[in-house]
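Visitor: Below is the structure I would like to discuss, written out as structure tokens.
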Amino acid sequence: MTTVLIIEDERELSKVLRSYLEQAGYSVLTAERGDIGFSIWKEKQPEMVLLDLNLPGMDGLEIAREIRRQGETGMIMITARVEEIDRLIGLEIGADDYITKPFSMREFLARVKAQLRRVRMMREEIRSSDQGEKEQLKSGNLTLDVQRREVLLDGKPLVMKPKEYELLLFLANHQGHVLSRDLILERVWGWDFTGASRTVDVHVRWLREKIEIDPANPKRIITVHGVGYRFEG
Ligand code: CA
């Protein structure tokens with residue numbers, strides 16, 4: 001059974017979310033304090049965390065950073081204010097994953113499902129890379145250390161946003177294959193709708209600036225016109 005942890009100090013909201021999730025067949029854990037929620041996350045390793053921003057004990061953003069650093073967990077930030085969304089996006093904590101109060105049950109469950117699908121695929125991706133000798137993916141002077149979620153260029157670690165890393169891992173794991181923008185969106189972002197392919201392009205551009213010798217003339221992440229991208233070793 002898939003477990004979802006709700007860290008939310010608004011008791012009424014937490015109750016509503018819990019009942020939505022239980023009706024949808026999930027097993028639910030709850031915490032009203034940030035620090036307690038975080039220890040539950042460490043102990044139980046749920047597939048998914050719903051996280052409020054302003055929490056007693058430990059701030060939601062701090063929890064989000066820790067979760068991102070330590071493992072593959074789906075995460076949706078619950079926010080009440082539009083200004084907070086800017087903060088979330090600015091911090092790039094993987095915050096295509098936020099939802100603004102109030103929201104509908106339908107929208108909420110769709111988000112949870114999309115996140116879980118993404119997490120499952122990432123976990124499989126990592127597992128299959130962990131098996132065999134694929135703890136490291138190497139391409140010339142570029143190394144992906146899958147276990148440490150680290151990318152090294154000439155032996156020096158690159159600073160990567162979570163989605164940049166996930167995109168690079170996905171591309172590198174499918175070296176030589178043409179990957180459509182829609183497939184990339186679905187596998188890396190968990191989005192199953194089209195029309196957001198700009199997101200992929202922007203992240204590819206950022207990645208190229210980090211890993212290509214000449215980003216304008218890429219040799220690693222090749223554009224396949226009208227389709228998507230291909231990673232070359
Ligand atoms: Ca709160």
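The values are calculated or read from the model by the stated rules, or taken from the named source; none is laboratory data. It should be emphasised that the depicted structure is a prediction, and the values quoted were computed from it without experimental measurement. Neighbour counts run over all protein chains shown; Cβ positions are idealised from the backbone, glycine included.
Visitor: Name the single residue, out of those in segment 81-107 being among the basic types (Lys, Arg) and assigned to a helix (DSSP H, G or I), that is modelled with the highest pLDDT. Don't jump to the end; show me each part of the working.
Guide: Keep residues of segment 81-107 that are among the basic types (Lys, Arg), which gives 81, 87, 101, 106.
Filter once more, keeping what is assigned to a helix (DSSP H, G or I): 87, 106.
Values: 87: 60, 106: 86.
The qualifying residue modelled with the highest pLDDT is 106.
Visitor: Could you list, in sequence order, the residues of segment 27-39 that are farther than 26 Å from residue 117 by Cβ and within 16 Å of the ligand (Cβ to nearest atom)? Talk me through it step by step, then tell me what you get.
Guide: Kept after step one, since they are farther than 26 Å from residue 117 by Cβ, are these residues of segment 27-39: 32-36, 39.
Once the filter is applied, which keeps residues that are farther than 26 Å from residue 117 by Cβ and within 16 Å of the ligand (Cβ to nearest atom), segment 27-39 yields 32, 33, 34, 35, 36.
Visitor: Since residue 78 meets every condition but one in (1) at pLDDT 90 or above; (2) touching an Asp or Glu at 6+ places or on another chain (Cβ under 9 Å), which condition does it not meet?
Guide: With (1) at pLDDT 90 or above; (2) touching an Asp or Glu at 6+ places or on another chain (Cβ under 9 Å) applied to residue 78, the lone miss is (1).
Visitor: Next question, about the same structure. In segment 147-170, what count of residues is obtained for those that are of a type outside the set (Asp, Glu) and over 15 Å from the mean Cα position of the chain (by Cα)? Quick ask: steps written out before the conclusion?
Guide: Kept after step one, since they are of a type outside the set (Asp, Glu), are these residues of segment 147-170: 147-149, 151-153, 155-163, 165, 167-170.
Adding the requirement that they be over 15 Å from the mean Cα position of the chain (by Cα) leaves 147-148, 151-153, 155-159.
Of the residues in that region, 10 qualify.
Visitor: Residues of segment 1-26 being within 15 Å of the ligand (Cβ to nearest atom) and of a type in the set (D, E, K, R), which ones? Before you say what the answer is, go through the steps one by one.
Guide: Just the residues of segment 1-26 that are within 15 Å of the ligand (Cβ to nearest atom), to begin with: 6-17.
Matches in segment 1-26: 8, 9, 10, 11, 12, 15.
Visitor: Moving on to the next point. Among the residues that make up segment 39-53, is at least one of them at pLDDT below 85 and surrounded by fewer than 19 Cβ atoms within 10 Å (Cβ to Cβ)?
Guide: Among the residues of segment 39-53, not one is at pLDDT below 85 and surrounded by fewer than 19 Cβ atoms within 10 Å (Cβ to Cβ), which makes the answer no.
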